[in-house]
Amino acid sequence: MSNVIKWNTKGVSKQPQLKGKDFLSLSDFHTDEILYLLEEAKELKSLQKQGKPHPYLSGKVLGMIFEKSSTRTRVSFEVGMLQLGGHAIFLSSRDIQLGRGESISDTAKVLSRYIDCMMIRTFSHDSVKELAEHATVPVINGLTDLHHPTQVMADLLTIQEHKGKLAGLKMCYLGDGNNNMAHSLMEGAAKVGMHISIASPPGYLPDGKITEKAIETGKLTGSKILITHNPVEAIKDADIVVTDVWTSMGQEAETEKRLKDLAAYQVNTELCQHAKQNFIFLHCLPAHRGEEVTAEIIDGPHSVVFDEAENRLHAQKAILKLLLE
């Protein structure tokens, strides 16, 4: 593999065979598979914008298991399946036996007999892995405390649209590095040859194993990974600036401490002066203006957060199509 990955999937010798695979983390996929998914997302987005029907998944059913609440994940997956000609079923943990003590393995085996694919949004990544282990249909990770791969596919699509490429760009993530977004962004950047810097205070650094694996991947793609406590060092000459909420679901009791610990990592006008003049700002939403980011940035000319939110739909449609078609 060359040291620089070009954004041109025509260089891929053939379409990657993704049918039947699980989509649990970006580290599970090769560079050409991720690039092909992004190219497929661009094609599906074009069809949708032109109003052209694309019922590739006619008759297919997606079961969506939610143990964490959601706006973008639920709506984008449900609308995506409808636009692909299929159907989506919302399965709250309050409404299925999984929330009343049924084992994950039994749930996986039963649902596999009814539906064609499962998407789960939950807390523990081990739960998603267990679901996938016992399911006989593809399982998609809609979010865990450790990874958020579908969001990062949308982020990569958004960056490519606004910057025209991925390889060689510098992405900066500021805030809680021991976070599903930081982890998946690091994995995604390493796969496509982007450089990434993560600035977090002591006690908030990314998971060591995920970091080590991303660094090894980066050696193949030319991706450089920097983990630092210094936000100015991280954001210097960045093409893309990213952050996430400082208190995620399940961490509410730590809110006061987190606000204090992470205050120096707020994305604001002063800090962004160290990024490139034409940087773009990403945030997976929901955002807390005045905490992790100021209104001047998220509502300003550098922000592409709503393009990013829309691209959840198109990226996830590509994932669904290639896993199920």
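Approximating the spin labels as points 7 Å out from Cα along Cα→Cβ, the Val110-to-Gln17 distance works out to 3.4 nm. Between the helical axis of 208-221 and the longest alpha-carbon principal axis of the chain there is an angle of about 90 degrees.
So, in Å, what gap is there between the alpha-carbon centers of the range 251-325 and the range 115-157? Result: 21 Å between the Cα centres. Here Glu187, Glu296, Glu33 are placed in order of increasing Cβ neighbour count within 10 Å, fewest first, which gives Glu296, Glu33, Glu187.
Each principal axis of the Cα cloud of the range 149-308 was taken in turn, and the coordinate range along them, longest first, works out to 41, 36, 28 Å. Excluding same-chain neighbours fewer than eight residues apart, the lysines reachable from Lys109 by a Cα-Cα span under 25 Å are Lys19, Lys21, Lys60, Lys68, Lys129, Lys317, Lys321.
When a/c is below 1.5 the answer is rounded, else prolate if a/b is larger than b/c, else oblate, so apply that to the range 234-323 with a ≥ b ≥ c taken from the square roots of the Cα gyration tensor eigenvalues. Write down the numbers at each step before the final one.
Working: a/c = 2.28, a/b = 1.22, b/c = 1.88.
Oblate is the answer for the range 234-323, as a/c is 1.5 or above yet b/c matches or exceeds a/b.
The angle separating the long axis of helix 31-49 from the principal Cα axis of greatest extent in the chain is about 80 degrees. Of the trypsin sites (Lys or Arg not before Pro) found in the range 62-107, the ones in coil according to DSSP and having at most 15 other Cβ atoms within 10 Å of their Cβ are Arg94. Normalising the Debye intensity of the chain to I(0), with uniform scatterers on Cα atoms only, and taking log10 at q = 0.06, 0.09, 0.10, 0.13 Å⁻¹ returns -0.19, -0.44, -0.55, -0.95.
Suppose only helical runs count, i.e. DSSP H with n ≥ 4. What mean residue ellipticity at 222 nm does that imply for the chain under -39500 (n - 2.57) per run, divided by all residues and rounded to the nearest 500 deg cm²/dmol? Display every interim value, and only then the final one.
Values: 12 runs with 131 residues, N = 325.
The per-residue figure over the chain is -12000 deg cm²/dmol.
Inter-label distance, Glu216 to Val75: 4.0 nm, where each label sits 7 Å from its Cα along the C-beta direction.
Every number here is computed from the coordinates shown, using simple stated rules; none is lab data. These figures come from a predicted structure and were not determined experimentally. No Cβ is skipped: glycine too gets one built from the backbone with ideal geometry, and neighbour counts run over all protein chains shown.
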